[in-house]
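The values are calculated or read from the model by the stated rules, or taken from the named source; none is laboratory data. Just so you know, these numbers come straight off a predicted model, no measurement behind them. Methodologically, a virtual Cβ is constructed for each residue, glycine included, from the backbone with ideal geometry; neighbour enumeration extends over all protein chains shown. Areas reflect the complete protein model, heavy atoms only, side chains present, ligands, DNA and RNA absent. Shrake-Rupley method; radii C 1.70, N 1.55, O 1.52, S 1.80 Å.
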Amino acid sequence: MAHEIIHNEPLNYQDYLIKIRAPEVVKRIKPGQFVVMLLHEKGERIPMSVRRTEGDAVVMYIRKVGKTTSALIDKPVGDTILHVIGPQGTPLEIKKYGTVVVATDSVCGHAWSYSAAKALKDAGNFVIDIQSFADKEETYPEWALNKDACNEHHLTTKDGSAGEKGHYINLIKNWLENGKKIDLVLAGGELIKLKRLERITKKFNVPTWVEAHQLMIDATGMCGVCRVFVDGEMKLTCIDGPFFDAHKLDFDSMINRYSTYANEEKLSLQLYKKQRGE
Amino acid sequence: MAKKINKVRVPMRERSIDERIKKFVEVPLGYSEDEAIMEASRCLQCPKPTCIEGCPVNINIPGFIQKIVEHKFDEAFFILKKDDAMPAATGRVCPQETQCEEKCVLGKVGDAINIGKLEAFVADWARKNKIKDTPEIIDKPQKVAIIGSGPAAISCAVDLRKMGYKVTMFEALHKAGGVLQYGIPEFRLPRDIVDYELKYLEDLGVDFQLNTIIGLHRSFQEIRSQYDAVFLGTGAGAPRFMGIPGEELTGVYSANEFLIRVNLMKSYLFPEYDTPIKVGKHVAVIGSGNVAMDAARSALRLGAKVSIVYRRTKSESPARIEELNHALEEGIEFMELVNPVRIHEKLNHVHGLEVVKMKLGEPDKSGRPRPIPIEGSEFTIEDVDMVIEALGTLPNRLFLDRAPELNRNKWGILQVDENMKTNLDGVYAGGDAISGGATVIRALGEGRIAAKAINEYLKNK
């Protein structure tokens with residue numbers, strides 16, 4: 001039952017490329033779906049994006065943010081975790097849209113966007129992929145970017161120390177203002193940025209799907225903690241999502257609910273670090 | 001010679017209120033051997049026992065009670081096991097007062113026999129003394145898939161396995177047991193008991209496939225083609241919300257979320273366990289069923305002041321009487337005849353619960369008086385900073401959406417005949433999946449009926 005870690009390598013000072021054997025997941029996962037991991041008996045069930053599959057392993061990008069992600073990254077190759085469950089969620093609808101922009105500014109976004117971009121490209125779309133980072137230091141090495149998954153790749157940093165200066169929002173806004181035809185925007189990452197993106201694409205009437213980021217426990221539609229409101233209707237991110245029509249999504253309540261357990265997560269991480277003598 | 005009737009129950013010793021409100025330990029301490037024999041001796045051994053009729057699985061109640069009197073606890077256990085796959089659990093969670101004990105003749109002149117506690121006593125005794133029911137199984141070639149691993153699924157699996165069928169159980173979560181695992185708190189049903197009852201299935205040779213969602217991970221159609229028959233014990237795991245303004249705020253929980261955190265993920269032991277839980281200063285629990293009591297008493301144990309907010313009165317509460325009494329004893333406030341209309345907020349968090357006063361009208365379909373709002377009687381319970389909605393649950397659409405060929409009603413409740421057969425050939429269902437939310441024992445009964453019908457079906461296939 002246990003899942004072996006077969007690769008663990010840093011992408012920058014905080015993000016890691018991790019490969020874990022999960023043959024049952026590999027057999028079935030489609031772009032847009034995610035997995036739930038439980039490290040050990042006393043662990044929490046956390047949702048995680050998948051970048052791609054390789055053999056019988058899922059390839060993931062993971063950031064040290066809390067106790068569980070830190071504990072996972074701290075595990076050496078050959079070590080195991082208790083459960084990798086999935087695939088969960090509704091797959092993205094992969095078909096020909098025309099010109100599709102895939103944009104992200106977060107570690108999980110850099111993960112799922114790869115297989116999404118690749119599948120959309122394979123379906124005959126012209127895929128423009130934008131990956132935004134804070135600065136050069138945060139930027140991933142060339143081979144770990146989405147370059148081979150798209151037709152046109154853009155790297156941006158907030159301070160301009162690598163790639164183009166700015167954020168994916170700036171690029172998309174410029175393109176739309178200059179009359180570029182975009183048939184679909186698919187974005188994920190920092191929620192507040194997604195909310196800003198939505199305002200821009202709405203002005204230009206561009207269909208936009210975003211990855212809702214929400215707390216989850218069972219991720220099977222049982223607890224309701226991941227509820228979001230789409231066109232006033234309650235939807236569950238774990239089974240109806242994680243992708244929703246941005247023009248119908250209530251961003252404010254989603255952003256608010258996401259940080260419910262911020263203090264507890266901080267405490268958990270502090271105790272974990274203390275225990276490791278960090 | 002007529003037996004002298006002892007009208008009074010041997011009292012059940014319980015943990016003190018001070019002790020139990022700080023811990024998730026079981027409240028009743030259980031009968032000692034002497035107490036059990038004394039209580040069992042009160043049984044009149046009626047020639048036509050009505051208690052058996054009151055039991056959804058028709059346990060031979062006078063039979064097992066007589067064995068207690070005779071100090072033959074192992075034989076009492078085998079009598080229980082014949083009809084009940086998990087007596088340690090049902091002895092604790094069945095609403096005996098509306099089933100077997102309600103029919104007990106002694107109840108007309110005094111206290112009914114404490115059948116539930118005697119059942120738990122026997123099962124606990126067998127566990128402690130390592131007495132196991134080890135049926136001889138003659139294997140048959142046919143395979144049955146059981147979807148779900150809660151009470152209905154367990155009872156169906158046990159019976160089918162005893163008949164010799166190869167049984168595979170598919171569970172969506174990382175632990176088997178369904179509602180026994182994620183729903184009912186430890187202070188009502190300790191998890192070592194659940195684990196023990198599940199171990200029995202493993203010993204019988206039931207194959208468990210955890211973390212597997214039929215519909216999502218493996219299609220229902222695939223399962224149907226690979227197995228000779230299918231039992232759907234998919235439960236009613238999806239939460240219901242009232243649909244009032246404010247449900248998007250932080251501090252609003254479904255009882256499912258709250259109890260899954262507490263029970264399945266053991267967040268009451270955070271940070272030793274990684275899943276966190278938050279509890280407010282004043283928690284309002286909406287509803288008054290067993291789940292509401294479980295949520296209320298869990299919140300109390302986590303340090304909150306707790307109020308149950310119910311649109312009818314205590315007398316109409318569908319909770320087990322023992323749970324309601326325990327909740328009240330422990331200091332939970334019961335607000336009758338009020339219904340929430342809006343959750344107020346401060347900084348996007350719950351800050352007050354607005355309710356409207358209700359009055360009772362004519363009986364509705366459930367036979368209980370219909371609660372009617374009193375116009376203009378709204379008021380706000382000001383200091384409420386957390387709301388738990390315990391309004392019942394619905395079948396999970398994750399499975400249903402991917403099995404459109406199954407007949408269900410508009411709430412997603414599967415439609416079955418008296419043999420638990422669905423509209424599909426070889427597909428049976430039971431438990432909350434066909435009722436929307438009932439009791440553990442009713443689910444056990446339905447699992448048994450289905451097992452019998454599946455046996456008939458496979459014999460003729």
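Filtering the stretch A:47-59 to residues that are buried (at least 22 other Cβ atoms within 10 Å of the Cβ) and closer than 22 Å to A:D240 by Cα leaves A:P47, A:M48, A:S49, A:V50, A:R51. The residue of the stretch A:173-205 that is nearest to A:S106 (Cα to Cα), among those that are in contact with a Lys or Arg (Cβ under 9 Å, 6 or more places away or on another chain) and among the aliphatic types (A, V, I, L, M), is A:A187. The set of residues from the stretch A:200-209 being open to solvent by less than 20 Å² (accessible area, probe 1.4 Å) and either in a strand (DSSP E or B) or closer than 30 Å to B:G235 by Cα (or both) comprises just one member, A:T208. Of everything in the stretch B:323-333 that is open to solvent by 30 Å² or more (accessible area, probe 1.4 Å) and either assigned to a loop (DSSP other than H, G, I, E, B) or touching a residue at least 12 places away in the same chain (Cβ under 8 Å) (or both), the residue that is farthest from B:F187 (Cα to Cα) is B:E333. Screening A:V107, A:V102, A:V77 for residues that are surrounded by fewer than 20 Cβ atoms within 10 Å (Cβ to Cβ), within 26 Å of A:P10 (Cα to Cα), more than 14 Å from chain B (Cβ to nearest Cβ) and not small (G, A, S) leaves exactly one candidate, A:V77. In the stretch B:344-376, the qualifying residues are those that are assigned to a strand (DSSP E or B) and farther than 30 Å from A:S253 by Cβ, and the one that is most open to solvent (accessible area, probe 1.4 Å) is B:E362.
All of A:L186, A:L215, A:L171, A:L197 fail the test of being assigned to a helix (DSSP H, G or I) and closer than 21 Å to A:G32 by Cα, apart from A:L197. Looking only at residues in the stretch A:6-30 that are within 14 Å of chain B (Cβ to nearest Cβ) and in a loop (DSSP other than H, G, I, E, B), the one that is surrounded by the most Cβ atoms within 10 Å (Cβ to Cβ) is A:A22.
Return yes or no: is B:R127 in contact with a strand residue (DSSP E or B) (Cβ under 7 Å, 6 or more places away or on another chain), open to solvent by 20 Å² or more (accessible area, probe 1.4 Å) and more than 14 Å from chain A (Cβ to nearest Cβ)?
no
The set of residues from the stretch B:230-272 being more than 8 Å from every other protein chain (Cβ to nearest Cβ) and among the β-branched types (V, I, T) comprises B:V230, B:T234, B:I244, B:V252, B:V262. Applying the condition of being acidic (D, E) and open to solvent by 80 Å² or more (accessible area, probe 1.4 Å) to the stretch B:1-41 and asking which residue is farthest from B:V69 (Cα to Cα) yields B:D18. The set of residues from the stretch A:236-261 being open to solvent by 40 Å² or more (accessible area, probe 1.4 Å), free of Cβ contacts under 8 Å to residues at least 60 places away in the same chain and closer than 20 Å to A:G109 by Cβ comprises A:H247, A:S259. Only one entry of A:A149, A:A212 meets the criterion of being touching a Phe, Trp or Tyr at 6+ places or on another chain (Cβ under 6 Å), within 14 Å of another protein chain (Cβ to nearest Cβ) and open to solvent by less than 70 Å² (accessible area, probe 1.4 Å), and that entry is A:A212.
Scanning the stretch B:107-118 for residues that are part of a helix (DSSP H, G or I), at pLDDT 95 or above and either open to solvent by less than 10 Å² (accessible area, probe 1.4 Å) or in contact with an Asp or Glu (Cβ under 7 Å, 6 or more places away or on another chain) (or both) yields B:I115, B:G116, B:L118. Scanning the stretch B:383-402 for residues that are over 22 Å from the mean Cα position of the chain (by Cα) and at pLDDT 95 or above, we see that the one that is most open to solvent (accessible area, probe 1.4 Å) is B:D383.
The condition (being at pLDDT 95 or above and on the phi > 0 side of the Ramachandran plot) is satisfied by just one residue among A:N178, A:N205: A:N205.
For B:P87, the conditions (1) within 16 Å of B:D159 (Cβ to Cβ); (2) open to solvent by 10 Å² or more (accessible area, probe 1.4 Å) all hold with the exception of (2). Scanning the stretch A:81-109 for residues that are more than 30 Å from B:F399 (Cα to Cα) and among the polar types (S, T, N, Q) yields A:T99, A:T104, A:S106. The condition of being within 14 Å of another protein chain (Cβ to nearest Cβ) and acidic (D, E) holds for only one of B:D159, B:D111, B:D195, B:D133, that being B:D195. Scanning the stretch B:279-322 for residues that are under 21 Å from B:E101 (Cβ atoms) and basic (K, R), we see that the one that is surrounded by the fewest Cβ atoms within 10 Å (Cβ to Cβ) is B:K314.
For the stretch B:296-322, the tally of residues that are under 20 Å from the mean Cα position of the chain (by Cα) and not in a helix (DSSP H, G or I) stands at 5. Of all residues being assigned to a helix (DSSP H, G or I) and hydrophobic (A, V, I, L, M, F, W, C) in the stretch B:88-106, which is farthest from B:S32 (Cα to Cα)? Just the residue, please. Out of the qualifying residues, it is B:V105.
Consider the stretch A:31-46. How many of its residues are open to solvent by 10 Å² or more (accessible area, probe 1.4 Å), within 13 Å of chain B (Cβ to nearest Cβ) and within 14 Å of the chain's Cα centre (by Cα)?
Looking only at that region, the number is 3.
The one condition from (1) closer than 18 Å to B:E186 by Cα; (2) in contact with a Pro (Cβ under 9 Å, 6 or more places away or on another chain) that B:A284 does not meet is (1).
Give the residues of the stretch A:50-69 that are more than 14 Å from every other protein chain (Cβ to nearest Cβ) and touching a Ser or Thr at 6+ places or on another chain (Cβ under 8 Å), sorted by residue number. Correct list: A:V50, A:R51, A:R52, A:V59, A:M60, A:Y61, A:I62, A:R63, A:K64.
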